[in-house]
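The values are calculated or read from the model by the stated rules, or taken from the named source; none is laboratory data. This is a predicted model, so every value here is computed, not measured. Every residue, glycine as well, gets a Cβ built from its backbone with ideal geometry; the counts of neighbours run over all protein chains shown.
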Amino acid sequence: MSSQEPVRILVACGTAIATATYVAEKVKKILEKYKIKGEVYQAKAQEVNYFVKMLGKVHLILATTFVPVEDKSIPVLNAMPFLTGIGESDLEKKIISILQSRKQ
């Protein structure tokens, strides 16, 4: 994967402060663990579409709340397992599956 462009992951929550920061750190550790080059951005749920347009390409969105994503081609996963610890390994597997199957 290292020869590909870095993956761009957007983490969204209500305020883009506490929970988004926590989830973003978890995601960075997963990328490191699987040696995936990536960039992790944080946004308020209401800012998701703005970030998608500004970044040009977002490969995955992780959200702790509902996000009204206009681009339906971007996978959106519920990030709550990273906060509760319940289903955390399943979420990690889904993230890796999505990132490994992505197209340039």
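On inspection, residue 76 fails the criterion of being of a type in the set (A, V, I, L, M) and in contact with a helix residue (DSSP H, G or I) (Cβ under 6 Å, 6 or more places away or on another chain). Has the range 43-62 got any residue that is touching a strand residue (DSSP E or B) at 6+ places or on another chain (Cβ under 8 Å) and polar (S, T, N, Q)? No; the residues of the range 43-62 include none that is touching a strand residue (DSSP E or B) at 6+ places or on another chain (Cβ under 8 Å) and polar (S, T, N, Q).
If the condition is being within 25 Å of residue 97 (Cβ to Cβ) and of a type outside the set (Lys, Arg), then the range 15-32 contributes 19, 20, 21, 22, 23, 24, 25, 27, 30, 31, 32. Evaluating residue 61 against the criteria (1) modelled with pLDDT of 95 or more; (2) touching a Gly at 6+ places or on another chain (Cβ under 7 Å) leaves one unmet condition, (2). Restricting the search to the range 72-87, which residues are of a type outside the set (Phe, Trp, Tyr), surrounded by 14 or more Cβ atoms within 10 Å (Cβ to Cβ) and in a helix (DSSP H, G or I)? The answer is 80, 81, 83.
Any idea which residue in the range 20-67 is surrounded by the most Cβ atoms within 10 Å (Cβ to Cβ), counting only those that are in a helix (DSSP H, G or I) and in contact with a helix residue (DSSP H, G or I) (Cβ under 6 Å, 6 or more places away or on another chain)?
23
Taking residues in the range 84-98 that are on the phi > 0 side of the Ramachandran plot and of a type outside the set (Asp, Glu), and partners anywhere that are assigned to a helix (DSSP H, G or I) and surrounded by 10 or more Cβ atoms within 10 Å (Cβ to Cβ), the pairs with Cβ atoms closer than 7 Å and at least 6 places apart or on different chains are 87/81.
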